[in-house]
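The values are calculated or read from the model by the stated rules, or taken from the named source; none is laboratory data. The model shown is predicted, which means the values in this text are computed figures rather than measured ones. Heads up, the Cβs are rebuilt from the backbone with ideal geometry, glycines too, and the neighbour counts pull from every protein chain shown.
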Amino acid sequence: MVQLKINLSCARLCSTILLIWFAGLGAAAQFSKISVSISEFRDLYPISEVLVGIALGGVNLFGVLLGLVAGGLAAKSGPKRVLVISLFASALISFWQAETSNIGFFLVSRFLEGIPHIFIVVAAPTLMAGLAPSKFKSVSLALWSTFFGVTFTLSIWLGPWLAANLGMEALFRVHGIYMMAIGALLILLPSGVVKQKHKQDNPSAGRAIPILVAWRSPKLMTPAIPFACCTSTFVPLITVFAERSQGAAGYQSVLYMPLSAVVFALVGVPLLSRYTSAVNVIKIGHIFMLLSGLAMFLGMSTLAVGVWIFCCLGLVQGACFIAVAQLNSSDNLRAIGNGILSQLGGLGGLVGAPVILIVASKSDVSVTVLFIVLLFFVSLLALCIASSSGQRRFSCSS
């Protein structure tokens, strides 16, 4: 087992956790750099709706294939090393995307971009969970869970301006420079920030877990199922609303969506986690997601329902990361748990982006929202089955 020993002052600890979070912002920007500037992207590459969906969701392919591998490698080699290498690899791919004008090469780069992405989103929360003291672990992981919402909020604000005035290539270059800077700062962290000690406290520690065994583990699967629903809806839903918003006022309304996810993840998740388990917080988020469909049926505006949905996404996403830490006590198992989380999250994004974009292209936004509500109804049923099947094997206490 890899135990992370901490020898940090409070200020250094906070700055280190923030730096890891900044790495997450860069990982989310691998999606947002296209999603929020979809009109400019279509102008640059006039391709079919299916290929647009692949360009958005192709990053998830290697997340599906390498989720467990990433978890095992982070547990064996150390999350900091994996994180730094992945940041530099992501920077190089972004620079490549800025230079290519061939759609075939661009789509290949999107698939390859999924490799550093999956390693970042597995290594970063594992490192963060190991660094944070027990009483601040829920807050730290709730902060981590906001990386998508914060990134999309900033991207909606800055991305379209950059793409319209400097071209899509500028977005890719800015992203590459950012990833390289974060990687360099992590390298410069003092060697005493994270000390690793390898200790075999059980026969299975450090070994690869067969995929079928991992998928049948309630401790690993319970957070991963709802997280897959979140990843299947977050990016395409932002894309649909951003593309169909009219004028500055409409675009400003879209800005509130990821921002609401951030607020509920940072405030709602830690608050609810004081009184109940993270798994129960996930269920609460699902129930309110189902109520959003009723609100739309009763006449609430589409944009208001969109904000409501993203509040629920914030609750569910934030609680999923905390659930991994609550259900798995060792750093090794947390790394594997984050690998499964990212693997199913990648599957959700890979399938969800094309499907939801196709649904949206053949209907209005209200039908798309109802489709997402139905998806979360199925997720709630699966979540209840997974959590109840493991009820005798783990405690869901906070």
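Key figures
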| quantity | calculated |
| --- | --- |
| Complete set of residues in region 36-54 that are within 11 Å of residue 239 (Cα to Cα) and either polar (S, T, N, Q) or surrounded by fewer than 16 Cβ atoms within 10 Å (Cβ to Cβ) (or both) | 37, 39 |
| Any chance residue 352 is buried (at least 24 other Cβ atoms within 10 Å of the Cβ), at pLDDT below 80 and touching a His at 6+ places or on another chain (Cβ under 9 Å) | no |
| Count of residues meeting criterion [in contact with a Gly (Cβ under 7 Å, 6 or more places away or on another chain) and basic (Lys, Arg)] in region 49-86 | 1 |
| Leading residue by the ranking (nearest to the chain's Cα centre (by Cα)) among those in region 274-318 that are part of a helix (DSSP H, G or I), polar (S, T, N, Q) and modelled with pLDDT of 85 or more | 317 |
| Residues located in region 107-159, provided they are among the aromatic types (Phe, Trp, Tyr) and surrounded by fewer than 21 Cβ atoms within 10 Å (Cβ to Cβ) | 111, 136, 157 |
